[in-house]
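I have placed the structure first, in the form of structure tokens, so that the comments after it can refer back to it.
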Amino acid sequence: MLTATIFLPLLGAVIAGLFGNRLGSRISQLITVIPLLLSATLSCFLLYHFGWTGETETVNLFTWINVEALEISWVIYFDTLTAVMVFVVTLVSGMVHVYSIGYMSEDPHIPRFMSYLSLFTFFMLMLVTSNNLLQMFFGWEGVGLCSYLLIGFWFKKNTANAAAIKAFLVNRVGDFGFLLGILAVFYFFETLQFEEIFKIAPDMVGKTFLFLGMEVDVLTTICLLLFIGAMGKSAQIGLHTWLPDAMEGPTPVSALIHAATMVTAGVFMVVRLSPMFEYAPLALTIITIIGASTAFFAATIGLTQWDIKRVIAYSTCSQLGYMFFAVGVGAYPAAIFHLMTHAFFKALLFLGSGSVIHGMHDEQDMRRMGGLFSKMKITGALMWIGSLALAGVPLFSGYYSKDIILESAFASHTGAGYLAYWAGIMAAFMTAFYSWRLLFLTFHGSSRADKNVLDKVHESPPIMIVPLLVLSLGAIFSGWFAVDYFVGQKMNEFWGSSILMLDDIIEKAHHIPSWAILLPTIVGLTGIICAWVLYIKSPNLLSRITAAVGPVYKFIYNKWYFDELYDLIFVRPCFYLGRGLWKSGDGYVIDAVGPDGIADSVLNLAKRAGKVQSGYLYHYAFAMMIGVLILITWFLFGFFQ
């Protein structure tokens, strides 16, 4: 069962990828969708088995590498943490596959698209079922490759190609740190197996080594290098710029990458390595600060964007910040809890936005929408459910997971923890505001769409609505159902040994002041009310407020000028250096002296030799006479000597 759950998506990807053009679009869809749905079904049984029994199981497939001290086997490792991730990945991916049947119905390259989706899912499953860092890195790079292929799927669009390259390059920056961290682990621990690393980690506390001319702590340095990899994959501030541009890919890609899979890989990696990170408190403090900064920063940008998918993308970035500062304060179960609930409601919102784009004939600008609820009641209602969960409204899934993160940050009683709590509170207000801004601009108020477009607006077909209904059930009930197991009374039995917490921060979170518990809900409801006032009741206020804070609005609207800054610091100098090396070094030196220089010399010599061939008989006779004289002279001098 374990092997089938992991390799069924690969089977579908290989068949659709190699034979899809012969089999046709419909068969390719079935070949990829059915295995994913089977994997999702099996994952439910696996979650029940491992989550409620606390068992672990390892399936050793074969020996991968065996060189002196490095012995790596290709395995499928299952414990509670793995079971939760496999359940989330396969369920969301299965819904995305089904949804893609309707959304991509008119695309001429359906087999290739479905193959990419399934291959992406397989690599993600390999990542979360690994029991060593090298196999995790294989899955890590695999999802990076597939994200490049999926984001740039519509390769005839220059913007899609640029977005795919940007995602690939930015992630390479993070992956370089991740690779250095893996090499450092092998250097100091002499193993890449998680079990062995976790046994040795306590003995590494306090040990230092010379790094970049400084004496630094071993565990802190390793954990920070690994976290750099997580920053790239999970789009934390500084390495986040690829994520909003990735919206150039088809909407199912946005849902798959930004909801439950690639962007959560960094969170999973840190939680999986919690038995090592727990002994590096400085690294955890830095993670807390970066996570809190990301939650606040991304939420501010979400307030000003007009592209419906970009608003949700920045929301994803912000929510990942929540997960990381939960990890930073040691609330690993809370981070995974929010990862799970977020997967449901964020996939629902992305696929719901795709339904809107489909109904609006590829329109994504919310300024050209409005009043769509009357024409898309089901999509509108489901988007409301996703937004209620995202805003943390009581009884919806986000309420349970987001609140326990904020409560844990407050309960840590550290400077970084308090910073994260208040950054999270402000982000909660902004999250509620931009969520309802999206709803009001899209579904309510007067229509701003072109009349010809508005007349053609229609509800999406059932093949696209059914996955939304399934995800909406998760957005409503997953928090209520799982709270006791993930962060409640049954937490220790549920997680078992898959997560290490030296300090039970979750228990402390249940005993913070009442106002700190109620504040997230209050600010969330306040954000909803403010959005209603500005976009429904008194829309004229908005232009006045925007004018009053003009420079601040422009700064936020331009995404804090990160892209412009990187263009100035990195892109332009690299282009300048590259062009200089190309023109000066390659052109004027290497080519001029090497192949081009030799070719020019031969050509000049040939031209000079060609001038001797004049075509006049007396020239040739004269040349022959000179040749005969030279031969006679040489012969006579040689003879007399």
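Between 0 and 90 degrees, the angle of helix 514-532 with respect to the longest Cα principal axis of the chain falls at about 70 degrees.
Using 0.36 nm per residue and subtracting the Cα-Cα separation, the extra length available between A606 and F45 on full extension is 194.0 nm.
If a/c stays under 1.5 just call it rounded; otherwise compare a/b with b/c (prolate if a/b is bigger, oblate if not). Do that for segment 198-299, with a ≥ b ≥ c from the square roots of the Cα gyration tensor eigenvalues.
Prolate is the answer for segment 198-299, as a/c is 1.5 or above and a/b outweighs b/c.
Taking amide H as placed 1.01 Å from N in the peptide plane, W64 has its amide H under 5 Å from the amide H of I72, S73, W74, each at least 5 places away in sequence or on another chain. With both labels modelled 7 Å from their Cα along Cα-to-Cβ, the L134 to V533 distance reads 6.1 nm. Averaged across orientations, what area in nm² does the convex hull of the alpha carbons in segment 326-377 project? The orientation-averaged projected area of the Cα hull of segment 326-377 comes to 5.0 nm². Relative contact order of the chain: 13 percent, from C-alpha pairs under 8 Å at least 6 residues apart in sequence. Taking the C-alpha atoms only, the angle from helix 617-640 to the longest principal axis of the chain is near 70 degrees. A simple spin-label model places the labels of I569 and W52 5.1 nm from each other, with each point 7 Å out along Cα-to-Cβ. Extending 7 Å from Cα along the Cβ direction at L145 and again at L30 yields two label points whose distance is 3.0 nm. In a fully extended conformation the segment linking A4 and L169 would gain 56.1 nm over its present Cα-Cα distance, using 0.36 nm per residue. Helix 332-359 and the long axis of the chain differ in direction by around 80°, with both axes built from C-alpha atoms.
Take the Cβ atoms of S514 and L473, set R0 to 45 Å, and the FRET efficiency comes out at 0.90.
Taking only C-alpha pairs under 8 Å that are 6+ residues apart, what is the relative contact order of segment 316-419 in percent?
Relative contact order comes out at 34 percent.
Using r as the Cβ-Cβ distance of K451 and Y553, and R0 as 30 Å, what FRET efficiency do you calculate, to the nearest 0.05?
Step by step, r from the Cβ atoms, then E = 0.45.
Over segment 21-134, Cα pairs under 8 Å with separation of 6+ residues give a relative contact order of 34 percent.
Please label the shape of the chain as rounded, prolate or oblate, based on the square roots a ≥ b ≥ c of the eigenvalues of the alpha-carbon gyration tensor (a/c under 1.5 means rounded; beyond that, a/b larger than b/c means prolate, else oblate). Prolate, because a/c is 1.5 or more and a/b exceeds b/c. Restricting the GluC sites (Glu not before Pro) of segment 162-235 to loop positions (DSSP other than H, G, I, E, B) with no more than 14 neighbouring Cβ atoms within 10 Å leaves E190. For segment 20-108, GluC sites (Glu not before Pro) meeting the loop criterion (DSSP other than H, G, I, E, B) and having at most 15 other Cβ atoms within 10 Å: E55, E68, E106. With all protein chains kept in place, the per residue accessible area of segment 382-539 amounts to 42 square angstrom at a probe of 1.4 angstrom.
A Cβ-based charge dipole, computed about the Cα centre of the chain with Lys and Arg at +1 and Asp and Glu at -1, lands at about 2380 debye.
First check a/c for segment 1-130, with a ≥ b ≥ c the square roots of the eigenvalues of its C-alpha gyration tensor; if it is under 1.5, answer rounded, and if not, answer prolate when a/b is larger than b/c or oblate otherwise. Oblate, because a/c is 1.5 or more while a/b does not exceed b/c.
The values are calculated or read from the model by the stated rules, or taken from the named source; none is laboratory data. For clarity, every value in this text was computed on a predicted model and none was experimentally measured. When we count neighbours, we look across all protein chains shown, and the Cβ atoms used for this are built from the backbone with ideal geometry, even at glycine. Side chains are part of the model used for accessible areas, which takes the heavy atoms of the whole protein and leaves out ligands, DNA and RNA. Shrake-Rupley method; radii C 1.70, N 1.55, O 1.52, S 1.80 Å.
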